[in-house]
Amino acid sequence: MKNVNKSAKLNNVCYEIRGQIAAEARRLEDEGHKILKLNIGNPAPFGFEAPDDILKDVIHNLPTAQGYCESKGIYPARVAVMQYFQQNGILNVSVDDIFIGNGVSELIVMAMQGLLNNDDEVLIPAPDYPLWTAAVSLSGGVPVHYRCVEENQWFPDLDDIASKITDKTKAIVLINPNNPTGAVYSEDVLQGILALARKHQLIVFSDEIYDKILYDDAKHIPTASLANDVLVITMGGLSKNYRIAGFRAGWMVITGPKLHAEDYIEGLNILSSMRLCANVPCQHAIQTALGGYQSINELIKDDGRLIKQRNLAHQLLNEIDGISCNPAMGALYLFVKVDAEKFNITDDEKMVLDLLKQEKILVVHGRGFNIKEKNYFRLVFLPHEDELRPAIEKIKNFFSTYRQE
Ligand code: PLP
């Protein structure tokens, strides 16, 4: 039989978080090793349970959720998202501006497929959440990465963004709070990006899936709340704030001068109809989640589990000679810098594979997030303190003798 090859559309598409390194971890598991997986921001396996009222609501609605629903999503879920936006000061939004998807992931791909012609450019942060880059490539577009600056709280470099805008640029992507860096952007940064979008007539895609996971005095400002005159497409969902990543429930909300985007919105409607609808039972979780008790606050404030784990991971990692990271101000990750000279690092993927083989801990190498530098890794701080402490002890042990050939 002739070889069956993947489509050429996938030639530049990669998603390292679940790629080679995860395959190697599975291979080690098959050999009987126990691997601590600090590679994926998936709260449930670490004992972060979904709020009870959400589970009850989904169960209660199961019998009536057997059929397809309207492509854009069930009405109560879209109303709930609309009201959530209104509460956040975004008034120019209606139920029609909201699409419910099988997680934000599906909507990111849909948004890019609906927008891009071959060679259109999209500005994406580096480091990024790599699905954005992958979705642009899959859609025939060109991801153009702009710099975020570690020394400046990992904020985007506005001059770098400005210098990379061309007549092919269609959009700027923001991830705020940021995965992988944990940055939460100031109003100045957001205004700066909006000013560029305004000047060059670009769409802003604002991925705000971690908008309720904030530490210390961080305050999340929804991008759409700052501009009525820029087309902002905001993504959000239940995977992280409500710890139900497996339910696959997310939304995309279009705000700003929608009249100028009628054709694009028509494209989104076509794509949304083609996948019929998102998982219906789990759409019922959205209204209860957004309108109910926000139990996430117990985890991120005072001596909540998440803030304690962030503090511990940040402190212990920074105590390791040659290792440093900023404290995450939001989300679930630390983006860790490794002294390239001290450890002679020339290949970050090899570094994380060596860590995996020696200490049975899985993290993701920095280049998996589309940076050029080869001396970073991302660690998820979801395990309990009594698992996190020995894990970082093992990372310390690994780096106490590590030197790349
Ligand atoms: N956006 C960001 C920044 C993420 O970190 C993730 C998941 O890790 C997603 C989107 C995808 O989320 P969902 O579970 O809603 O597909």
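List the pairs whose first member sits in segment 26-52 and is over 24 Å from Ser105 (Cβ atoms) and touching a residue at least 60 places away in the same chain (Cβ under 8 Å), whose second member is within 14 Å of the ligand (Cβ to nearest atom) and among the small types (Gly, Ala, Ser), and whose Cβ atoms are under 7 Å apart, counting only residues at least 6 apart or on separate chains?
none
Filter segment 247-269 down to the residues that are in a loop (DSSP other than H, G, I, E, B) and more than 16 Å from the ligand (Cβ to nearest atom), then identify the one that is nearest to Glu49 (Cα to Cα).
Applying the filter and picking the extreme gives Gly256.
Taking segment 28-51 on its own, how many of its residues are surrounded by 12 or more Cβ atoms within 10 Å (Cβ to Cβ), farther than 18 Å from Val380 by Cα and away from the ligand (no atom under 15 Å from the Cβ)?
Qualifying residue count, segment 28-51: 4.
Which of the residues belonging to segment 228-246 are part of a loop (DSSP other than H, G, I, E, B) and over 18 Å from Lys170 (Cα atoms)?
Listed by number, the residues that qualify are Asn228, Leu238, Ser239, Lys240, Asn241, Tyr242, Arg243, Ile244.
Residues Gln20, Gln83: which one is surrounded by 12 or more Cβ atoms within 10 Å (Cβ to Cβ) and either among the acidic types (Asp, Glu) or at pLDDT 95 or above (or both)?
Gln83
Can you tell me which residue is nearest to Ser324 (Cα to Cα) among those in segment 340-377 that are among the polar types (S, T, N, Q) and over 20 Å from the mean Cα position of the chain (by Cα)?
The residue in question is Asn375.
Per-residue answers, yes or no, for (1) buried (at least 24 other Cβ atoms within 10 Å of the Cβ); (2) basic (Lys, Arg); (3) within 15 Å of Ser206 (Cβ to Cβ):
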position	(1), (2), (3)
Asn117	no, no, no
Thr133	yes, no, no
Glu150	no, no, no
Asn176	yes, no, yes
Val184	yes, no, yes
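Answer yes if at least one residue in segment 354-362 is touching a residue at least 12 places away in the same chain (Cβ under 8 Å), farther than 21 Å from Asp128 by Cβ, in contact with a His (Cβ under 8 Å, 6 or more places away or on another chain) and part of a loop (DSSP other than H, G, I, E, B), and no otherwise.
Yes, because at least one residue in segment 354-362 is touching a residue at least 12 places away in the same chain (Cβ under 8 Å), farther than 21 Å from Asp128 by Cβ, in contact with a His (Cβ under 8 Å, 6 or more places away or on another chain) and part of a loop (DSSP other than H, G, I, E, B).
Out of (1) more than 25 Å from the chain's Cα centre (by Cα); (2) of a type outside the set (D, E, K, R); (3) within 16 Å of the ligand (Cβ to nearest atom), what's the single condition that is false for Asn61?
That leaves (3) as the condition not met.
Which count do you get for residues in segment 86-108 that are aliphatic (A, V, I, L, M) and surrounded by fewer than 19 Cβ atoms within 10 Å (Cβ to Cβ)?
2
Can you list the helices (runs of 4 or more DSSP H) lying wholly within segment 67-147 that have 1 or more residues being within 13 Å of the ligand (Cβ to nearest atom), within 20 Å of Asp263 (Cα to Cα) and out of contact with any helix residue (DSSP H, G or I) (no Cβ under 6 Å at 6 or more places or on another chain)?
103-115
The values are calculated or read from the model by the stated rules, or taken from the named source; none is laboratory data. As the structure is a computational prediction, the values presented were derived from the model and not from experiment. Quick reminder, even Gly has a Cβ in these numbers, built from the backbone with ideal geometry, and neighbours come from all protein chains shown.
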